[in-house]
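Peer 1: The structure is given below, and queries will be raised subsequently.
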Amino acid sequence: MCSGNFAKCLGITLLPLAIICVICNIMLFFPGGTVAEESTDITDEVFYFGGILGSGVLMIFPALVFLGLKNNDCCGCCGNESCGKRFAMFSSILFAAAGAVGAAYSVIVSCVAINHGPKCFTNQINGTVDATNATYPFVDGNYLSNRTLWSECAGPGDIVTWHLTLFSILLITGLVQIGLCAFQVINGLIGTICGDCCGCCGSS
């Protein structure tokens, strides 16, 4: 397969993943699927924009670059360094690296958020709910292995499931993006050294 064709496949895959990450990050601004009365009621890691900036914006640019690589002439560039085809493949390595950094940022933010748990309204000793001050009731991810602790969060909505699901999607999607960008680094190196299609070189 030509390097340009493979890069185009990666670009087609990365675009919807980036959109998913942006949507997940936006949904996290609505804890438990409700509108937060105060910005302080939203989990701090949401404002780090891991899904919007890291796996979103920083991933869209590499995806568009990968999609455009196939538009260049393949065989006409073999043995002709001045045509810029090899430089285009080399530049794709830099964009892939930038995308991987953005995805890694999203992964780190997601891991921290999952470990901290959601900021939520807690049940008080007298049985009432403190809906005026959202806090972090969990410590060092203890709620991940003990679901009974989830009852400490009384809202908004099903905040623990909401938080865990969306940040898990960001985490998994970020890891997939890193893997795809790593593939493009290898693909870009092959395209830089051999040209877009190695089989074209030397053909009439």
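Peer 1: Show the residue pairs that are 6+ apart or on different chains and have beta-carbon atoms under 7 Å apart, the first residue being within the stretch 176-188 and of a type in the set (G, A, S), the second being open to solvent by less than 30 Å² (accessible area, probe 1.4 Å) and part of a helix (DSSP H, G or I).
Peer 2: Filtered contacts from the stretch 176-188: A182/A100; G188/M89; G188/S92; G188/I93; G188/A96.
Peer 1: Considering the stretch 1-32 alone, what residues qualify as being within 21 Å of the chain's Cα centre (by Cα) and in a loop (DSSP other than H, G, I, E, B)? Steps first, answer last, please.
Peer 2: Of all residues in the stretch 1-32, those within 21 Å of the chain's Cα centre (by Cα) come to 6-31.
Passing the criteria: L28, F29, F30.
Peer 1: Given the criterion part of a loop (DSSP other than H, G, I, E, B) and among the aliphatic types (A, V, I, L, M), identify the matching residue among V65, V46, V35.
Peer 2: Working: V65 fails: part of a loop (DSSP other than H, G, I, E, B); V46 fails: part of a loop (DSSP other than H, G, I, E, B).
Exactly one residue qualifies, and that residue is V35.
Peer 1: So the check is Cβ under 6 Å with 6+ separation or different chains; which pairs have a first residue in the stretch 90-114 that's over 19 Å from I12 (Cβ atoms) and a second one that's modelled with pLDDT of 95 or more and among the acidic types (D, E)?
Peer 2: Pairs that qualify, where the first residue is over 19 Å from I12 (Cβ atoms) and the partner is modelled with pLDDT of 95 or more and among the acidic types (D, E), are V109/E45; V112/E45; A113/E45.
Peer 1: List the number of the failed condition for A134; all other conditions in (1) more than 22 Å from G54 (Cβ to Cβ); (2) at pLDDT 90 or above; (3) surrounded by 21 or more Cβ atoms within 10 Å (Cβ to Cβ) hold.
Peer 2: (2)
Peer 1: Still on this model: Would you mention how many residues in the stretch 28-48 are open to solvent by less than 70 Å² (accessible area, probe 1.4 Å) and touching a residue at least 40 places away in the same chain (Cβ under 8 Å)? Steps first, please.
Peer 2: So the first thing to find is which residues in the stretch 28-48 are open to solvent by less than 70 Å² (accessible area, probe 1.4 Å), and the list is 28-29, 31-34, 36, 41-46.
Add one more test, that the residue is touching a residue at least 40 places away in the same chain (Cβ under 8 Å), and what stays is 28, 31-34, 36, 41-46.
Residues meeting the conditions: 12.
Peer 1: If you scan the stretch 152-169, which residues turn out to be open to solvent by 30 Å² or more (accessible area, probe 1.4 Å) and either in a helix (DSSP H, G or I) or touching a Ser or Thr at 6+ places or on another chain (Cβ under 8 Å) (or both)? If you could, list the steps in order and put the result at the bottom.
Peer 2: We begin by selecting, within the stretch 152-169, every residue open to solvent by 30 Å² or more (accessible area, probe 1.4 Å); these are 152, 154, 157-158, 161-162, 164-165, 168-169.
Selection gives E152, A154, G157, T161, W162, L164, T165, S168, I169.
Peer 1: Inside the stretch 1-18, can you point out the residues that are open to solvent by 70 Å² or more (accessible area, probe 1.4 Å) and touching a helix residue (DSSP H, G or I) at 6+ places or on another chain (Cβ under 8 Å)?
Peer 2: If we filter the stretch 1-18 for residues that are open to solvent by 70 Å² or more (accessible area, probe 1.4 Å), which is where we start, we get 1, 8, 12.
Residues satisfying the conditions are K8, I12.
The values are calculated or read from the model by the stated rules, or taken from the named source; none is laboratory data. Given the structure is predicted, the values throughout are model-derived calculations rather than measurements. Cβ coordinates were reconstructed from backbone atoms using ideal geometry, including for glycine residues, and neighbour counts include every protein chain displayed. Heads up: the accessible areas ignore ligands, DNA and RNA and are worked out on the full protein's heavy atoms, side chains in. Shrake-Rupley method; radii C 1.70, N 1.55, O 1.52, S 1.80 Å.
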